[in-house]
Amino acid sequence: MKKLTTLIATLCFAATALAQVRDYREIKTPSLRKFSMPQPKRIQLANGMVIFIQEDHELPLVRGNATIRGGSRDVPAAKAGLTGIYGSAWRTGGTAGKTGDELDAFLEARAARVETGADTDSSRVGMDVLKGDLDTVFPIWLDVLRNPAFRQEKIDLAKTQANTGISRRNDEPGGILGRELNRLGYGPNSPYARQAEYASIASITRDDLIDFHKRTVHPNNMIVAFIGDFDGAQMEKRLRAAFESWPRGPQIARPDAAMTVAKPGLYFVSKEDVTQANIGLVQAGIERNNPDYPALMVMNDVFSGGFSGRLMQALRSQRGLTYGVGGGISAPWDYPGLFRVTMATKSETALESVEALKGEVKRLVNDPVTEAELSLAKESILNAYVFTMDSREKALQQRVLLEFYGFPPDYFEKYPSLIEKVTAADVQRVAQKYVHPDQLAILVVGNQAKFEKPLSTLGNVTPIDITIPSGDAKETKPAAPQGSNAEGAALVRKVAAFVGDVNSVQALRRTATTTMKTPQGEMEAELNATVRYPDAQRVVIKTPMGEIVRVVSPGAAYMITPMGTQDMPSSQRDASLGEMRAEMIAVLKNIDNPKYTFTAGAVEGDARVLEINADGTNVKWYVDPATGRVLRTVSRANGPMPGEMVTELSDWKVFGNIHLPATAVMMRNGEKSGELHLSNVEVNPTIDANAFVKP
Amino acid sequence: MRVRRTSMLVALLMLVASAATAQDLASFEKRTSTRVLDNGLTVIILERHDAPVFSYATMVNTGSAQEVPGITGLAHMFEHMAFKGSDLIGTKDWKAEEAALRKVEDAYAAYSAARGATRPDTAKVADLEKAWKDAIADADKYVEDNAFSQVVDRAGGVGMNAFTSSDVTGYFFSLPSNRFELWAYLESERFRNPVFRQFYKERDVVFEERRMRTESSPVGRLIEQFIGTAFSAHPYGFPTVGWPSDLHSFSATDAAAFAKKYYVPSNMVVAIVGDVNGAEAWPVIEKYFGRLPKSPAPPALRTVEPPQIAEKMVTLRETSQPIYVEGYHRPAANDPDSAVYDVISMLLSSGRTSRLYKSLVRDQKIAVNASGFNGFPGEKYPNLFTFLAIPSQGHTPDEVAKGIRAEVDRIKTEEVPADELASVKTRVKAGLIRQLSGNSGLALQLASYQTLYGDWRELFREVDRIDKVTSADIKRVAASTFIDTNRTIAKIENAPKGGAK
């Protein structure tokens, strides 16, 4: 009996002991000890230079940095990549007195570093040294800052590395997604999205680097900061002695870059050596000084904060669709950011995931955040806030940041009180103000053949060609659409009036006889071409040697020849899709599409030249202004047989409710390459369900 | 003459650096305390009171090298499950959930058996699969999603993450220091009774991780082929993320058995760095981590990679740009020659004065990056000294292979100039000093060294060992390691689409 009592007593005791820790909510949280991180000393010299000095004696190290205004956004588009070459050759190219290789040997023997680099809006020269080497390394840092030599051999080395980077930029799918999403968000020519190409790298000269240095490196254009195991007063003396006599230079101004808001719609990049689809959604974001910034940061946390955010919860934990998903609105310090959501999922759930992400964005706008979500987000931000100032180095970095962008020095101190004030209604309001589910540009990078359905089942798909342009100077990129001129808009309407009601045309089937010039001589063939607008085409050519079928669509692009079925390389498929956009009926169906522009140019003989940019594909029509007939088209062919293609059109006839030229004579690079005679045209024919599906 | 002056200067500097190292160890020892709890768990506390925050790292001396065919990927899978809570965190009704989870396992066992039959009955497999999925849907009703992470987030946790390597599994994050007790509860709770809820959805997540890191990345595909080719017997040849078949097959029951065997306190180290007062912290540590039951230490790994007897090579023909890798078998990290390998790695690839940079990148311009490093894919067991080179545009793997071979021959046959060796040693010492800032990095370092060597002080002693390495050591070790029959090559050759032979 006694034994039993003891046993019960022991059990009770065990239960009590355990009860102490059954629920984490019972654990008391003492208040966080008050502390203030020592702030750096700020000094402004008469020449405008701002200096910060912060002592930190924990380790025998000294680190210094000069942050200079002006970066990649401040160079012309044709020189894209300049600051990358600059940031590298600045240090490796040495100084007036020492080659870069000599600096390497001297510094590495002391385990010291002096390094340079450049970003979007700044460049920098940093040093990191054991404190005993400060006296020998500081002069080198100063010399690199002020007297770089930019020796040609190191510029060439940096260019080799830049070109290698370009050649490898399509290897990893995540890299493609990030880059192309940025280009959709800002527009490809934006200083915040443009990328280096072989041609732009080739154009960069030593003088360009010297010019950029002269333009940016002035005392009134930089912030110098030192931290480490030194006496602050002595460091101040050292820096004053180094910089006080340096005269002021011209100020660099923040560029005024217009942002091209991403055009809503579905975009696709074909990448076949993957098992995942990388998905991104993008639209415009905000700048940091936006008063809605705190509410938007709470919104971001609800949407995608850690594992608890809605995206991870819905797409990873509950549905197992992805390893990585995240997003939110970004707010750079002095230029507009983007609202972005990205995710990777297996090819077989690509469309499901696109729909799910769209749903989450809609939910963000439409469904109010719950009190539980709001409190989790706010407490997460506020309780973690201590980490923004938990070291002397962070205190220094923050002051430099605020100084650089002209924000008040107490910005970080005041920020938590702004977060505290955010309500659920605020979050809802800013979500509705800045996030627009119907205006998203949606990009998918992947192997469409493995998707559960063609991407086009979700809507019109715009393919993006990521073929890396060769550095060949002859190859010029089509100019960005400048917008139609009034004469151009009128002229294309004249053509449309002559051709007829193209909007009633959903599909066309043309039967023709054709003569083609081949390496083996002229060849006659029967041609049967079915086009389903906007982007599917099946051409069957009956030749004496057998039948050739060529299918182009965003989902499938292949050729069937007597030798078998073969996929078209994606670059060739994309080129063909581009050509289809520039085909006459396709163009006329897009007169009001802002991606199509029409510019009337010179008068040549009896024709007016109409320059057309059909969503990235350029074509010229020579139009008879009296009748609206297109007499000739001129375009550049890419792909296996590049060159200038001129097609003479004649013998216009009525087919159904439209006019079409029954005879076309093709010339490639000034030589006749073929002829085509229409024998029959069916408007809106019945199309076999499998016409565009790969067998 | 010039060389001599430089080396004298370097020798002088070395003295300074050496003194600094010894001083650092002394200063760190003063602020660090280590205890082994009754259940065998080792805990290290390093006090740094700059700001009211602390970081920790829990290191489990278990990685994918503890796996066998059929359960590859399971160590990493468990790491994911350690975020799913326990019987006290993450459930709406533990009793009901426990029963539901048991049903999921029973249903999965039945489905697995039917699926794996010699002649599977497709109708039966489909029925059993449905039954299994229904059981999952039922168990999901009791889940509070991400409850564990939410508690950490709400408390102000930052940097919450974990990793699995061939050797170890690590968990870490940082919290404000007034949450120390909450942390001690959570961190011990996740290993006290981990519950494998949402296991099969998380298995899908892990499969996505495999698709992302390995299948959809040319480098990922290359590395998987490289280790699989280099190791014939040792589990270092397995991909840590697991083979697809195993990721489609292993069960929560398998994961529980794995955890029971390897997640025992004597096989774990917890390091805490930051604003923690030892006198107050130890009782809290004892109270919460003392709850982990004492269990026998897991058995040592038996398989030893036999000596390689022939050169091996694997070539991937890809539409992406070329990459070149070659590896040579070397002994484990605790081998007396380990420091010699470290010096060889530094000579070859540390900084712009390194031999591979100067030869392949700077002068020949045939690579944009070339390095030789130790500890791949792990370091606890005999592993690979690995060379990795990224050819410059228009250059081939064979060209960079030739360039690497030339530098390896120099290491094997020529004396290393004294100033070059001294420069390397100086950088090793400074590198150590630079590692000693930042709570989170320090916690990971202390836990790693304690796990691998049984004493965190090895972090400092390693520098002394490197300091003793001589030019003769380097030649001797290089000559015995860098030989043809000990080599495995893996490369990506660029082949236009459809051009693969």
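Rule-based calculations on the coordinates, nothing more; no lab input. All values reported here derive from a predicted model rather than from experimental measurement. Cβ coordinates were reconstructed from backbone atoms using ideal geometry, including for glycine residues, and neighbour counts include every protein chain displayed.
Values as computed for the structure displayed
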{"item": "At R0 = 56 Å, FRET efficiency that the Cβ-Cβ distance of A:Asp410 and B:Glu144 yields, to 0.05", "result": "0.90"}
{"item": "In the range A:526-579, the GluC sites (Glu not before Pro) that fall in loop regions by DSSP, at most 14 other Cβ within 10 Å", "result": "none"}
{"item": "Principal-axis tilt of helix A:206-216 within chain A, Cα atoms, nearest 10 degrees", "result": "50 degrees"}
{"item": "Label-point separation, B:Asn193 to A:Leu382 (7 Å along Cα→Cβ), nm", "result": "3.4 nm"}
{"item": "Loop-resident sites, the range A:310-416, for chymotrypsin sites (Phe, Trp or Tyr not before Pro), counting at most 15 other Cβ within 10 Å (DSSP)", "result": "A:Trp333"}
{"item": "Most to least packed among B:451-457, B:309-315 [average Cβ atoms within 10 Å]", "result": "B:451-457, B:309-315"}
{"item": "Loop trypsin sites (Lys or Arg not before Pro), the range B:27-124, which have at most 13 other Cβ atoms in a 10 Å radius of their Cβ (DSSP)", "result": "B:Lys92"}
{"item": "The range A:652-695 - percent relative contact order, Cα under 8 Å, separation 6 or more", "result": "30 percent"}
{"item": "Farthest toward positive dipole pole in the range B:262-356 [+1 Lys/Arg, -1 Asp/Glu at C-beta], among B:Ala281, B:Thr303, B:Ser349", "result": "B:Thr303"}
{"item": "Nearest 10 degrees, 0 to 90: helix B:180-192 Cα axis against chain B principal axis", "result": "80 degrees"}
{"item": "Relative contact order (%) - criterion: Cα under 8 Å, at least six apart; region: the range B:21-133", "result": "11 percent"}
{"item": "Within 10 Å of each Cβ in B:186-199, the average number of Cβ atoms from other chains", "result": "1"}
{"item": "Cα-only radius of gyration and Dmax that characterise chain B, units Å", "result": "25.2, 85"}
{"item": "Dipole of chain A, positive direction: furthest Cα of A:Ser650, A:Gln276, A:Phe212, with charges on the beta-carbon", "result": "A:Gln276"}
{"item": "For chain B: relative contact order, % (alpha-carbon pairs under 8 angstrom, 6 or more apart)", "result": "23 percent"}
{"item": "Helical mean residue ellipticity (222 nm; -39500 (n - 2.57) per DSSP H run of 4+; nearest 500) of chain A", "result": "-10000 deg cm²/dmol"}
{"item": "Partner chain coverage, peptide B:388-401 - average Cβ within 10 angstrom", "result": "2"}
{"item": "Exercise: per-residue mean of other protein chain Cβ atoms within 10 Å, B:206-214", "result": "6"}
{"item": "Order by protection proxy (mean Cβ within 10 Å, highest first), peptides A:428-436, A:87-95", "result": "A:87-95, A:428-436"}
{"item": "Label-reachable residues, the range A:99-134, where backbone N falls under 19 Å from a point 7 Å from A:Asp156's Cα toward its Cβ", "result": "A:99-102"}
{"item": "Nearest 10 degrees, 0 to 90: helix B:199-210 Cα axis against chain B principal axis", "result": "20 degrees"}
{"item": "Extended-chain gain in nm, criterion 0.36 nm per residue less alpha-carbon gap, A:Asn460 and A:Glu547", "result": "28.2 nm"}
{"item": "A:Asn528/A:Asp567 FRET efficiency (R0 30 Å; Cβ-Cβ; nearest 0.05)", "result": "0.85"}
{"item": "Cα centroid of the range B:136-185 to Cα centroid of the range B:313-387, whole Å", "result": "36 Å"}
{"item": "Radius, Kirkwood style, for the range A:148-205 when every pair of distinct Cα atoms is counted (Å)", "result": "12.8 Å"}
{"item": "Separation in nanometres of the label points that stand 7 Å from Cα toward Cβ, at A:Trp652 and A:Lys433", "result": "5.4 nm"}
{"item": "Packing-based ranking, highest mean first, of A:265-273, A:614-622 given that Cβ atoms within 10 Å are counted", "result": "A:614-622, A:265-273"}
{"item": "Check: chain B dipole with +1 on Lys, Arg Cβ and -1 on Asp, Glu Cβ, in debye", "result": "1060 debye"}
{"item": "Total formal charge among the other residues, if their Cβ is under 12 angstrom from that of B:Asp335, Lys/Arg +1 and Asp/Glu -1", "result": "0"}
{"item": "Two-site FRET efficiency, A:Asp231 against B:Ser232, from Cβ-Cβ distance with R₀ of 51 Å, rounded to 0.05", "result": "0.25"}
{"item": "Flagged links, alpha-carbon separation over 22 Å, of A:Lys34/A:Lys394; B:Lys84/B:Lys260; A:Lys159/B:Lys425", "result": "A:Lys159/B:Lys425"}
{"item": "Label-point separation, A:Ala78 to B:Asp335 (7 Å along Cα→Cβ), nm", "result": "5.9 nm"}
{"item": "For the range A:268-300 versus the range A:193-235, the gap between their alpha-carbon centres in whole angstrom", "result": "30 Å"}
{"item": "Residues of type lysines that A:Lys154 reaches as a straight line, Cα spacing below 17 Å, ignoring anything fewer than 8 places off in the same chain", "result": "A:Lys98, B:Lys358, B:Lys365"}
{"item": "Cα-based reach from B:Lys491 at 16 Å (exclusive), listing lysines while leaving out same-chain residues under 8 positions away", "result": "B:Lys312, B:Lys402, B:Lys501"}
{"item": "For chain A, alpha-carbon Rg over 2.2 N^0.38 Å", "result": "1.22"}
{"item": "Helix-derived mean residue ellipticity, 222 nm - over chain B, DSSP H n ≥ 4, -39500 (n - 2.57), to 500", "result": "-15000 deg cm²/dmol"}
